[in-house]
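Structure first, then comments.
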Amino acid sequence: MLRTNTCGELRLANVGQTVTLCGWVQRTRDKGAVLYLDLRDRYGLTQVVFEQGVEADELREQARNLGREFVVSITGRVAERYNKNPNLPTGDIEIRPEAVQVLNPAKLPPFLIEDETDGGDDLRMKYRYLDLRRNPVRRNLELRHRLAQSVRRYLDNQGFLEVETPVLIKSTPEGARDFVVPSRMNPGQFYALPQSPQTFKQLLMVSGFDRYFQIVKCFRDEDLRADRQPEFTQIDCEMAFVTQEDILQTFEGMTRQMFVEVKGFDPGEFPRMSYADAMRLYGSDKPDTRFAMQFVELNEVVKGHGFPVFDSAELVVGINAATCAQFTRKQLDELTDFVKRPQVGATGLVYARVEQDGNVKSSVDKFYSQEVLQQWKQAFNANPGDLLLILAGPADKTRKALNELRLEMGQRLGLRNKEDFRPLWVVDFPLLEFNEEEGRYYAMHHPFTSPKPEDIPLLDTNPGQVRANAYDLVINGVEIGGGSIRIHDRSVQASMFKLLGFSEEEAKAQFGFLLDAFEYGAPPHGGIAFGFDRLCSMFGGADSIRDFIAFPKNNSGRDVMIDSPSEISGAQLKELSIESKVEAAK
Ligand code: ASP
């Protein structure tokens, strides 16, 4: 190595040693007779002092000419500091240099390489390699590394084999759009990039591999948000000869180990909730259980008193925002505006305050006597000082809107602490989801998911009621993982494809290989995949996954550093037997 030590390593015990450090010049502070230089590498910062009368004048002169981010090698003696810096791990010592060598000069970076930088998002993305020098970003990638190692250790100990699956494949239906790659050797034909390795991991079970995992890139051509990237990483797993219970236990163990090893605390046993309860009590299949504020259904107590909005509604449902009775008119108007936003979709908000004397005052007092309002109070188990927030309308839409309001209230009341982690298994998902517009069913998870055996008779009579052996791991209202027990029987798989609207020919063309494989001894199997980027950002206490990916794409799916996607040459197109004609965006 060109160095004897790193810039984060030296302590009082090293005083007197002669060392060589290599790194980047973080900053120099020139006080005339003495010049301080902070040298930085991945491991930390070390101070180097150039003092008149102690170090040679030429050395100080040389140091004066070092700019920010120059790469240098400094040899010198470790000395105890006169003014110690308790905020720096190396703050007890400094280097008294004997030789300074510039390994490479540097242009002035376009933004400050500091924890608090002056660089905007776009600039930092363009110079991502410089952004990655900053502590907060580097720490995120270190966290990601530690989580990945924890996963590998756990799964290896449990007998899982890490197997790579191909990237140039054909469509896997995870419900998103495919990225496609033209094939030069097969003109006019395209590969699709995997939305997940789903079919391959199932084939590995047919091959007898029994316990598979892979930390793997997946690709989905979707509109992007803070927690989505066109290419993202899954911890993808599959097991044979298991029940749903085995899978939940195995991956609860994996998640718990990550918490213990990386966060230093044991989240205990993960509670479980059925999809039906999650929807009824939280209006969401990924409830944030850091706070209660469960839904209370009110049809029984509110209907029949002449208030047309409630009388005509399919569902009247509310939450108790405990201790919020003092909310001002302005705050309540804000909440009303919030629920009326198109993304939330409610038509209005009814509220009721429980006053100190126990009386309830509502925004619809005209229709409800105090006696009836007391029934509301009872339904909510409300106390003096509480605020009841109530929505009404079509059941699904109203639950969805109340979920948004609940999360908003949780946020306002500071109940969504990022360092409080509440994992939850949501189980018993419906197998199918009905698309009103297209008048057809879609697989809620994916077409390989097995119905619960006891619900199979419903497939013909009431498909929407069929529950699946499918489960999600939710932490703090974020879906972190999801999976299912799979169909392993050719005829069940074929009828599933039929139910989903595939003709026999289509099913054969797209998934014939899997249907064939099921005829050669497919074991019962199931699995799960975790969104690794999301897991990292959650462990890191951030909302965006971008800062946990070394080289992410921006919201338009561009890598502005390497400038991709970009056009390709006519020669390349010709080789691919492709003509490019770009139509104006609609
Ligand atoms: N392939 C599924 C997904 O990407 C996960 C699974 O079923 O294992 O969501």
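The values are calculated or read from the model by the stated rules, or taken from the named source; none is laboratory data. All figures in this text were calculated on a predicted structure; none of them were measured in a lab. Glycine gets a Cβ as well: all are built from the backbone with ideal geometry, and neighbour counts include every protein chain shown.
Worth a mention:
- Test for GLN234: is it within 13 Å of the ligand (Cβ to nearest atom) and either acidic (Asp, Glu) or not in a strand (DSSP E or B) (or both): no
- Test result for VAL309, farther than 25 Å from LYS418 by Cβ, crowded, with 20+ Cβ neighbours inside 10 Å and either at pLDDT 95 or above or out of contact with any Leu (no Cβ under 7 Å at 6 or more places or on another chain) (or both): no
- Where a residue in the range 79-101 is on the phi < 0 side of the Ramachandran plot and modelled with pLDDT of 95 or more and its partner, wherever it lies, is of a type in the set (Phe, Trp, Tyr) and part of a strand (DSSP E or B), with Cβ under 8 Å and at least six apart: PRO97/PHE50
- Consider the range 469-480 and keep the residues that are surrounded by fewer than 24 Cβ atoms within 10 Å (Cβ to Cβ) and part of a strand (DSSP E or B). The one that is farthest from the ligand (Cβ to nearest atom) is VAL478.
- Scan the range 161-201 for residues that are farther than 22 Å from GLY512 by Cβ and of a type in the set (Val, Ile, Thr) and the total you get is 1.
- Odd one out for GLY464, checked against (1) of a type outside the set (A, V, I, L, M); (2) assigned to a helix (DSSP H, G or I); (3) in contact (Cβ under 8 Å) with a residue 40 or more places away in the chain: (3)
- Residues satisfying the stated conditions in the range 532-570, i.e. farther than 30 Å from SER580 by Cβ and either of a type in the set (Asp, Glu) or touching a Gly at 6+ places or on another chain (Cβ under 7 Å) (or both): ASP533, ASP543, ASP547, PHE548
- Flag for GLU371 being in a helix (DSSP H, G or I) and free of Cβ contacts under 8 Å to residues at least 40 places away in the same chain: yes
- Selected residue [farther than 13 Å from ILE390 by Cβ, touching a residue at least 12 places away in the same chain (Cβ under 8 Å) and in contact with a Phe, Trp or Tyr (Cβ under 9 Å, 6 or more places away or on another chain)] from GLN244, GLN343, GLN326: GLN244
- From the list ASN157, ASN140, the one residue that fits, being within 30 Å of TYR212 (Cβ to Cβ), in contact (Cβ under 8 Å) with a residue 60 or more places away in the chain and not β-branched (Val, Ile, Thr), is ASN140.
- Test: residue in the range 177-192 that is exposed (fewer than 15 other Cβ atoms within 10 Å of the Cβ), of a type outside the set (Ser, Thr, Tyr), part of a loop (DSSP other than H, G, I, E, B) and within 15 Å of the ligand (Cβ to nearest atom): yes
- Meets criteria (in a helix (DSSP H, G or I) and either surrounded by 17 or more Cβ atoms within 10 Å (Cβ to Cβ) or modelled with pLDDT of 95 or more (or both)) for VAL262: yes
- Test: residue in the range 507-514 that is outside any loop (DSSP other than H, G, I, E, B) and more than 30 Å from PHE241 (Cβ to Cβ): yes
- Pair list, Cβ < 7 Å and 6+ apart or interchain, from the range 430-444 residues that are within 13 Å of GLN465 (Cα to Cα) and in contact (Cβ under 8 Å) with a residue 24 or more places away in the chain to residues that are among the basic types (Lys, Arg) and surrounded by 10 or more Cβ atoms within 10 Å (Cβ to Cβ): PRO430/ARG467; LEU431/ARG467
- Summed over the range 515-533, residues that are surrounded by fewer than 21 Cβ atoms within 10 Å (Cβ to Cβ) and in a helix (DSSP H, G or I) total 3.
- Residues that are within 17 Å of LEU59 (Cα to Cα) and of a type outside the set (Lys, Arg) within the range 81-103 comprise GLU94, ILE95, PRO97, GLU98, ALA99, VAL100, GLN101, VAL102, LEU103, listed in sequence order.
- The combined condition, being farther than 30 Å from GLY541 by Cα and part of a loop (DSSP other than H, G, I, E, B), is not fulfilled by PHE434.
- For the range 481-498, filtered to residues that are part of a loop (DSSP other than H, G, I, E, B) and crowded, with 21+ Cβ neighbours inside 10 Å, the residue that is nearest to the ligand (Cβ to nearest atom) is ILE487.
- Selected residue (only one of LYS201, LYS217 is farther than 27 Å from ASP547 by Cα, basic (Lys, Arg), within 13 Å of the ligand (Cβ to nearest atom) and outside any loop (DSSP other than H, G, I, E, B)): LYS201
- Cβ-Cβ under 7 Å pairs, at least 6 apart or on other chains, the range 36-63 side under 15 Å from ALA99 (Cβ atoms) and of a type in the set (Gly, Ala, Ser), far side surrounded by fewer than 20 Cβ atoms within 10 Å (Cβ to Cβ) and at pLDDT 95 or above: ALA63/THR28
- Every test in (1) under 30 Å from GLU252 (Cβ atoms); (2) exposed (fewer than 15 other Cβ atoms within 10 Å of the Cβ) is passed by SER150 save one, and that test is (2).
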